[in-house]
Amino acid sequence: MVIVLSSAFAPFAAGAVLLGVGTAMVYPTLLAAIGDVAHPSWRASSVGVYRLWRDLGYAIGALLAGLTADALGLPAAMWLVAALTFASGVVVAVRMRETLRRSESESTSSANGA
């Protein structure tokens with residue numbers, strides 16, 4: 001959203017940095033989450049399926065953004081990408097669960113702020 005709303009170079013560059021940092025934080029985390037829930041006998045296949053869908057999303061997203069930019073303009077395409085990115089984050093926040101089982105003492109100490 002910062003990139004779309006920018007009219008000068010400095011805010012545009014700041015938005016690009018935020019986009020890069022966010023991307024760098026998301027990919028290893030999602031791969032680790034898949035590794036946590038996949039049984040070792042099919043872990044490699046599950047990571048491959050995840051990467052297939054992720055890369056397919058790049059292709060479909062590029063086509064969708066291009067079609068939107070042609071029809072409605074570049075800002076509309078960038079807003080669409082921002083909205084889809086936000087929506088995917090909401091889906092992950094709602095659907096994914098923590099897989100680490102904590103002992104009772106860890107749960108109590110973390111709840112008390114220790």
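The values are calculated or read from the model by the stated rules, or taken from the named source; none is laboratory data. As the structure is a computational prediction, the values presented were derived from the model and not from experiment. Note: ideal-geometry Cβ built from the backbone for every residue, glycine included; neighbour counts use all protein chains shown.
Observations on the structure shown:
- Within region 18-41, the set of residues being more than 17 Å from the chain's Cα centre (by Cα) and modelled with pLDDT under 90 comprises D36, V37, A38, H39, P40.
- Qualifying residues in region 64-103 (those that are more than 25 Å from L5 (Cβ to Cβ) and of a type in the set (A, V, I, L, M, F, W, C)) - the one surrounded by the fewest Cβ atoms within 10 Å (Cβ to Cβ): L100
- Scanning region 39-78 for residues that are touching a residue at least 40 places away in the same chain (Cβ under 8 Å) and aliphatic (A, V, I, L, M) yields a single hit, M78.
- Beta carbons closer than 6 Å, at least 6 apart along the sequence or on distinct chains, pair a first residue in region 1-20 that is without any contact (Cβ under 8 Å) to a residue 12 or more places away in the chain and part of a helix (DSSP H, G or I) with a second that is polar (S, T, N, Q) and surrounded by 13 or more Cβ atoms within 10 Å (Cβ to Cβ) for F12/S6.
- Of the set (1) over 19 Å from S6 (Cα atoms); (2) at pLDDT 85 or above, all apply to E106 but (2).
- Within region 21-60, the set of residues being within 21 Å of A77 (Cα to Cα) and either polar (S, T, N, Q) or not in a helix (DSSP H, G or I) (or both) comprises just one member, T23.
- Yes/no for V81 being part of a helix (DSSP H, G or I), touching a residue at least 40 places away in the same chain (Cβ under 8 Å) and either touching a strand residue (DSSP E or B) at 6+ places or on another chain (Cβ under 6 Å) or not aromatic (F, W, Y) (or both): no
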